[in-house]
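The values are calculated or read from the model by the stated rules, or taken from the named source; none is laboratory data. Values in this document were obtained by computation on a predicted structure and should not be read as measured data. Every residue, glycine as well, gets a Cβ built from its backbone with ideal geometry; the counts of neighbours run over all protein chains shown.
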Amino acid sequence: SHDMMGIHPYSGLEDPYSLYPHSLRNIDELCASIVRSHRETSQYRVEELQALRWKLFSREEIQTYQSKSVDEMWQHCAIRLTDAVQFVVEFAKHIPGFRMLSQNDQIALLKTGSMEVVLVRMSRFFNTENNTVFFDGKFAGTEVFKSLACGDLIAAVFDFAHGMCALKLTEQQIALFSALVLINADRPCLEDRGKVQRVQRSVELGLTHILHRDNQESLMHKLYQRMAVLRSLCSLHMEKLRWFSQRYPLTAHSLFPPLYKELFL
Ligand code: CLR
(Lines give C-alpha, C1' and ligand atoms only; values in the text may rest on other atoms or scores of the structure.)
Protein backbone atom coordinates (compact mmCIF):
# COMPACT_ATOMS: atom_id res chain seq x y z
CA SER A 1 0.00 0.00 0.00
CA HIS A 2 1.04 3.60 -0.38
CA ASP A 3 1.33 4.08 3.36
CA MET A 4 3.79 1.21 3.66
CA MET A 5 5.83 2.56 0.80
CA GLY A 6 6.16 5.79 2.71
CA ILE A 7 4.06 7.86 0.35
CA HIS A 8 1.97 10.32 2.31
CA PRO A 9 -1.64 9.08 2.26
CA TYR A 10 -2.97 12.59 1.62
CA SER A 11 -0.90 13.16 -1.47
CA GLY A 12 -3.99 12.61 -3.60
CA LEU A 13 -1.98 10.59 -6.12
CA GLU A 14 -4.81 8.20 -6.94
CA ASP A 15 -7.25 10.99 -7.56
CA PRO A 16 -7.30 13.45 -10.42
CA TYR A 17 -10.08 15.52 -8.78
CA SER A 18 -8.10 16.21 -5.61
CA LEU A 19 -9.90 13.91 -3.26
CA TYR A 20 -7.93 14.94 -0.21
CA PRO A 21 -8.13 18.69 0.15
CA HIS A 22 -5.24 20.40 1.83
CA SER A 23 -5.76 23.97 0.76
CA LEU A 24 -8.67 26.17 1.71
CA ARG A 25 -9.57 26.48 -1.94
CA ASN A 26 -9.93 22.73 -2.29
CA ILE A 27 -12.15 22.58 0.78
CA ASP A 28 -14.31 25.35 -0.68
CA GLU A 29 -14.63 23.40 -3.92
CA LEU A 30 -15.46 20.19 -2.06
CA CYS A 31 -18.19 21.99 -0.09
CA ALA A 32 -19.53 23.64 -3.22
CA SER A 33 -19.91 20.34 -5.07
CA ILE A 34 -21.60 18.64 -2.10
CA VAL A 35 -24.00 21.58 -1.73
CA ARG A 36 -24.73 21.57 -5.47
CA SER A 37 -25.37 17.83 -5.41
CA HIS A 38 -27.70 18.24 -2.43
CA ARG A 39 -29.61 21.02 -4.17
CA GLU A 40 -29.99 19.05 -7.38
CA THR A 41 -31.29 15.92 -5.63
CA SER A 42 -33.45 17.39 -2.89
CA GLN A 43 -36.74 17.20 -4.84
CA TYR A 44 -38.23 20.36 -3.33
CA ARG A 45 -36.67 23.65 -2.39
CA VAL A 46 -37.23 24.85 1.16
CA GLU A 47 -39.28 27.84 -0.07
CA GLU A 48 -41.53 25.55 -2.11
CA LEU A 49 -42.20 23.39 0.94
CA GLN A 50 -42.81 26.49 3.02
CA ALA A 51 -45.47 27.59 0.53
CA LEU A 52 -47.21 24.18 0.73
CA ARG A 53 -47.57 24.18 4.52
CA TRP A 54 -51.27 24.97 4.46
CA LYS A 55 -52.01 21.74 2.57
CA LEU A 56 -53.13 19.28 5.22
CA PHE A 57 -54.94 15.97 4.80
CA SER A 58 -58.67 16.17 5.52
CA ARG A 59 -60.40 13.92 8.04
CA GLU A 60 -61.73 11.79 5.17
CA GLU A 61 -58.30 11.42 3.57
CA ILE A 62 -56.80 10.40 6.92
CA GLN A 63 -59.62 7.86 7.26
CA THR A 64 -58.71 6.42 3.86
CA TYR A 65 -55.08 5.88 4.93
CA GLN A 66 -56.18 4.40 8.24
CA SER A 67 -58.52 1.90 6.60
CA LYS A 68 -55.79 0.48 4.36
CA SER A 69 -54.58 -2.98 5.33
CA VAL A 70 -51.16 -3.33 7.00
CA ASP A 71 -49.50 -4.73 3.89
CA GLU A 72 -51.15 -2.22 1.55
CA MET A 73 -49.87 0.71 3.63
CA TRP A 74 -46.39 -0.85 3.98
CA GLN A 75 -46.14 -1.29 0.26
CA HIS A 76 -47.28 2.29 -0.29
CA CYS A 77 -44.69 3.69 2.13
CA ALA A 78 -41.94 1.42 0.80
CA ILE A 79 -42.54 2.90 -2.66
CA ARG A 80 -42.37 6.48 -1.32
CA LEU A 81 -39.23 5.67 0.68
CA THR A 82 -37.58 4.07 -2.32
CA ASP A 83 -38.21 7.20 -4.39
CA ALA A 84 -36.47 9.21 -1.70
CA VAL A 85 -33.60 6.70 -1.49
CA GLN A 86 -33.08 6.96 -5.24
CA PHE A 87 -32.42 10.69 -4.87
CA VAL A 88 -29.96 9.94 -2.07
CA VAL A 89 -28.12 7.52 -4.37
CA GLU A 90 -27.86 10.33 -6.94
CA PHE A 91 -26.59 12.65 -4.20
CA ALA A 92 -23.95 10.11 -3.15
CA LYS A 93 -22.63 9.68 -6.68
CA HIS A 94 -21.68 13.35 -6.78
CA ILE A 95 -19.86 13.48 -3.46
CA PRO A 96 -16.20 13.92 -4.49
CA GLY A 97 -14.47 10.61 -3.86
CA PHE A 98 -17.56 8.40 -3.63
CA ARG A 99 -17.27 7.10 -7.17
CA MET A 100 -13.60 6.29 -6.60
CA LEU A 101 -14.64 3.66 -4.04
CA SER A 102 -15.20 0.08 -5.14
CA GLN A 103 -18.69 -1.02 -6.18
CA ASN A 104 -18.83 -3.17 -3.05
CA ASP A 105 -18.00 -0.26 -0.74
CA GLN A 106 -20.41 2.10 -2.45
CA ILE A 107 -23.22 -0.41 -1.91
CA ALA A 108 -22.14 -1.10 1.68
CA LEU A 109 -22.27 2.64 2.47
CA LEU A 110 -25.66 3.04 0.81
CA LYS A 111 -27.11 -0.02 2.56
CA THR A 112 -26.53 1.49 5.99
CA GLY A 113 -26.51 5.18 5.15
CA SER A 114 -29.23 5.90 2.60
CA MET A 115 -32.11 5.49 5.06
CA GLU A 116 -30.27 7.70 7.54
CA VAL A 117 -29.87 10.43 4.94
CA VAL A 118 -33.59 10.15 4.06
CA LEU A 119 -34.33 10.81 7.73
CA VAL A 120 -31.96 13.80 7.80
CA ARG A 121 -33.70 15.11 4.70
CA MET A 122 -37.09 14.55 6.32
CA SER A 123 -36.45 17.60 8.53
CA ARG A 124 -36.74 19.80 5.44
CA PHE A 125 -40.19 18.30 4.81
CA PHE A 126 -41.32 18.69 8.41
CA ASN A 127 -43.52 21.32 10.01
CA THR A 128 -42.76 21.55 13.74
CA GLU A 129 -45.77 23.80 14.38
CA ASN A 130 -48.21 20.93 13.90
CA ASN A 131 -45.84 17.92 13.75
CA THR A 132 -46.59 16.98 10.16
CA VAL A 133 -44.47 15.71 7.28
CA PHE A 134 -44.94 16.28 3.55
CA PHE A 135 -46.06 12.91 2.23
CA ASP A 136 -48.10 12.10 -0.90
CA GLY A 137 -48.60 15.77 -1.74
CA LYS A 138 -49.86 17.03 1.62
CA PHE A 139 -48.77 17.37 5.22
CA ALA A 140 -49.45 14.28 7.33
CA GLY A 141 -49.40 13.71 11.09
CA THR A 142 -48.49 10.41 12.76
CA GLU A 143 -52.14 9.26 12.65
CA VAL A 144 -51.88 8.93 8.85
CA PHE A 145 -49.40 6.05 9.38
CA LYS A 146 -51.54 4.17 11.90
CA SER A 147 -52.19 1.14 9.70
CA LEU A 148 -48.44 0.39 9.44
CA ALA A 149 -48.80 -0.96 12.98
CA CYS A 150 -45.44 0.41 14.07
CA GLY A 151 -46.39 3.43 16.13
CA ASP A 152 -43.14 3.37 18.10
CA LEU A 153 -41.03 3.73 14.94
CA ILE A 154 -43.23 6.50 13.56
CA ALA A 155 -43.15 8.38 16.87
CA ALA A 156 -39.36 8.06 17.03
CA VAL A 157 -38.94 9.23 13.42
CA PHE A 158 -41.18 12.27 13.99
CA ASP A 159 -39.29 13.01 17.20
CA PHE A 160 -36.01 12.90 15.33
CA ALA A 161 -37.31 15.28 12.65
CA HIS A 162 -38.44 17.65 15.39
CA GLY A 163 -34.99 17.56 17.00
CA MET A 164 -33.25 18.15 13.65
CA CYS A 165 -35.49 21.16 12.95
CA ALA A 166 -34.57 22.61 16.35
CA LEU A 167 -30.94 22.84 15.17
CA LYS A 168 -32.09 25.24 12.41
CA LEU A 169 -29.44 24.06 9.96
CA THR A 170 -28.82 25.93 6.73
CA GLU A 171 -29.10 24.04 3.41
CA GLN A 172 -25.30 23.96 3.22
CA GLN A 173 -25.00 22.48 6.69
CA ILE A 174 -27.64 19.85 5.84
CA ALA A 175 -25.75 18.99 2.65
CA LEU A 176 -22.40 18.48 4.41
CA PHE A 177 -24.00 16.62 7.32
CA SER A 178 -25.80 14.27 4.88
CA ALA A 179 -22.51 13.54 3.14
CA LEU A 180 -20.85 12.79 6.45
CA VAL A 181 -23.68 10.43 7.45
CA LEU A 182 -23.14 8.54 4.20
CA ILE A 183 -19.34 8.39 4.08
CA ASN A 184 -18.65 6.54 7.31
CA ALA A 185 -15.61 4.28 7.58
CA ASP A 186 -17.13 2.46 10.58
CA ARG A 187 -19.85 0.78 8.51
CA PRO A 188 -19.77 -3.02 8.30
CA CYS A 189 -18.56 -4.98 5.26
CA LEU A 190 -16.13 -2.40 3.82
CA GLU A 191 -13.27 -3.72 1.66
CA ASP A 192 -11.05 -0.68 1.68
CA ARG A 193 -11.72 1.04 4.99
CA GLY A 194 -8.65 3.26 4.55
CA LYS A 195 -9.94 4.78 1.35
CA VAL A 196 -13.38 5.41 2.87
CA GLN A 197 -11.64 6.99 5.85
CA ARG A 198 -9.77 9.44 3.64
CA VAL A 199 -12.98 10.50 1.90
CA GLN A 200 -14.65 10.76 5.31
CA ARG A 201 -11.88 13.04 6.58
CA SER A 202 -12.26 15.35 3.63
CA VAL A 203 -16.02 15.63 4.23
CA GLU A 204 -15.39 16.20 7.94
CA LEU A 205 -12.99 18.97 7.03
CA GLY A 206 -15.67 20.49 4.80
CA LEU A 207 -18.30 20.43 7.55
CA THR A 208 -15.87 21.90 10.09
CA HIS A 209 -14.98 24.62 7.60
CA ILE A 210 -18.63 25.56 7.00
CA LEU A 211 -19.49 25.56 10.71
CA HIS A 212 -16.44 27.72 11.42
CA ARG A 213 -17.41 30.14 8.68
CA ASP A 214 -20.98 30.29 10.08
CA ASN A 215 -19.62 30.80 13.59
CA GLN A 216 -21.48 27.68 14.77
CA GLU A 217 -18.71 25.30 15.78
CA SER A 218 -20.77 24.15 18.76
CA LEU A 219 -23.13 22.41 16.31
CA MET A 220 -20.52 19.73 15.53
CA HIS A 221 -21.04 18.01 18.86
CA LYS A 222 -24.83 18.07 18.46
CA LEU A 223 -24.57 16.64 14.96
CA TYR A 224 -22.48 13.70 16.21
CA GLN A 225 -25.18 13.08 18.83
CA ARG A 226 -27.82 13.07 16.08
CA MET A 227 -25.79 10.44 14.21
CA ALA A 228 -26.09 8.08 17.17
CA VAL A 229 -29.88 8.56 17.22
CA LEU A 230 -29.98 7.90 13.48
CA ARG A 231 -28.26 4.56 13.93
CA SER A 232 -30.83 3.44 16.49
CA LEU A 233 -33.71 4.59 14.27
CA CYS A 234 -32.38 2.61 11.35
CA SER A 235 -31.99 -0.57 13.33
CA LEU A 236 -35.58 -0.08 14.50
CA HIS A 237 -36.61 0.26 10.84
CA MET A 238 -34.78 -2.99 10.00
CA GLU A 239 -36.40 -4.74 12.93
CA LYS A 240 -39.87 -3.64 11.77
CA LEU A 241 -39.07 -4.66 8.23
CA ARG A 242 -38.03 -8.16 9.34
CA TRP A 243 -41.22 -8.43 11.40
CA PHE A 244 -43.27 -7.34 8.41
CA SER A 245 -41.62 -9.64 5.87
CA GLN A 246 -42.10 -12.63 8.15
CA ARG A 247 -45.77 -11.86 8.50
CA TYR A 248 -46.39 -10.82 4.89
CA PRO A 249 -43.71 -12.63 2.85
CA LEU A 250 -45.67 -12.32 -0.38
CA THR A 251 -45.95 -8.52 -0.23
CA ALA A 252 -42.36 -8.12 0.92
CA HIS A 253 -40.93 -10.34 -1.78
CA SER A 254 -43.09 -9.63 -4.79
CA LEU A 255 -44.56 -6.18 -4.25
CA PHE A 256 -41.78 -4.15 -2.62
CA PRO A 257 -39.63 -2.10 -4.99
CA PRO A 258 -36.45 -3.99 -6.01
CA LEU A 259 -34.16 -1.24 -4.69
CA TYR A 260 -35.87 -1.31 -1.29
CA LYS A 261 -35.36 -5.09 -1.13
CA GLU A 262 -31.77 -4.84 -2.35
CA LEU A 263 -30.80 -2.27 0.24
CA PHE A 264 -32.79 -3.32 3.28
CA LEU A 265 -34.03 -6.92 3.02
C1 CLR B 1 -38.03 12.30 3.42
C2 CLR B 1 -37.31 13.31 2.55
C3 CLR B 1 -37.38 12.89 1.11
C4 CLR B 1 -38.83 12.85 0.69
C5 CLR B 1 -39.57 11.87 1.54
C6 CLR B 1 -40.26 10.88 0.95
C7 CLR B 1 -40.97 9.82 1.66
C8 CLR B 1 -41.19 10.10 3.15
C9 CLR B 1 -39.90 10.69 3.74
C10 CLR B 1 -39.49 12.01 3.04
C11 CLR B 1 -40.00 10.83 5.26
C12 CLR B 1 -40.44 9.54 5.97
C13 CLR B 1 -41.75 8.98 5.40
C14 CLR B 1 -41.50 8.79 3.89
C15 CLR B 1 -42.67 7.95 3.42
C16 CLR B 1 -43.00 7.06 4.60
C17 CLR B 1 -42.10 7.51 5.78
C18 CLR B 1 -42.90 9.93 5.71
C19 CLR B 1 -40.35 13.20 3.46
C20 CLR B 1 -42.78 7.24 7.12
C21 CLR B 1 -41.92 7.64 8.31
C22 CLR B 1 -43.21 5.75 7.26
C23 CLR B 1 -42.06 4.75 7.27
C24 CLR B 1 -42.61 3.36 7.10
C25 CLR B 1 -41.59 2.25 6.92
C26 CLR B 1 -41.52 1.43 8.14
C27 CLR B 1 -41.95 1.38 5.72
O28 CLR B 1 -36.60 13.75 0.30
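Some notes on this structure:
- Some residue of the range 215-228 being touching a Pro at 6+ places or on another chain (Cβ under 8 Å), within 28 Å of HIS94 (Cβ to Cβ) and surrounded by 16 or more Cβ atoms within 10 Å (Cβ to Cβ): no
- Failed condition for LEU169, given (1) aliphatic (A, V, I, L, M); (2) buried (at least 19 other Cβ atoms within 10 Å of the Cβ); (3) assigned to a helix (DSSP H, G or I): (3)
- Subset of the range 136-156 (residues that are under 16 Å from GLN63 (Cβ atoms) and either near the ligand (Cβ under 10 Å from one of its atoms) or among the acidic types (Asp, Glu) (or both)): ASP136, ALA140, THR142, GLU143, VAL144, PHE145, LEU148
- Scoring GLN246 on the criteria (1) under 28 Å from LEU101 (Cβ atoms); (2) free of Cβ contacts under 8 Å to residues at least 60 places away in the same chain leaves a single failure, condition (1).
- For ALA179, the requirement of being under 16 Å from CYS31 (Cβ atoms) and aliphatic (A, V, I, L, M) is met.
- Condition met for LYS55 (at pLDDT 95 or above, surrounded by 15 or more Cβ atoms within 10 Å (Cβ to Cβ), farther than 26 Å from LYS111 by Cβ and not hydrophobic (A, V, I, L, M, F, W, C)): no
- Per-region count, the range 134-147, residues outside any loop (DSSP other than H, G, I, E, B) and either of a type in the set (Gly, Ala, Ser) or surrounded by fewer than 20 Cβ atoms within 10 Å (Cβ to Cβ) (or both): 7
- Scan of the range 215-252 for residues that are of a type outside the set (S, T, N, Q), modelled with pLDDT under 90 and either touching a helix residue (DSSP H, G or I) at 6+ places or on another chain (Cβ under 7 Å) or not in a helix (DSSP H, G or I) (or both), ordered by number: TYR248, ALA252
- So SER123, is it touching a residue at least 40 places away in the same chain (Cβ under 8 Å), buried (at least 19 other Cβ atoms within 10 Å of the Cβ), small (Gly, Ala, Ser) and more than 9 Å from the ligand (Cβ to nearest atom): no
- Residues that are of a type in the set (Gly, Ala, Ser), over 17 Å from LEU182 (Cβ atoms) and without any contact (Cβ under 8 Å) to a residue 60 or more places away in the chain, drawn from the range 39-98: ALA51, SER58
- Residue in the range 74-87 that is surrounded by the fewest Cβ atoms within 10 Å (Cβ to Cβ), counting only those that are within 8 Å of the ligand (Cβ to nearest atom) and aliphatic (A, V, I, L, M): ALA84
- Of all the listed residues (LYS261, LYS195), the sole one being of a type in the set (Lys, Arg), at pLDDT below 95 and either touching an Asp or Glu at 6+ places or on another chain (Cβ under 8 Å) or within 15 Å of the ligand (Cβ to nearest atom) (or both) is LYS261.
- Filter pass, ASN130 being surrounded by fewer than 18 Cβ atoms within 10 Å (Cβ to Cβ), away from the ligand (no atom under 12 Å from the Cβ) and not in a helix (DSSP H, G or I): yes
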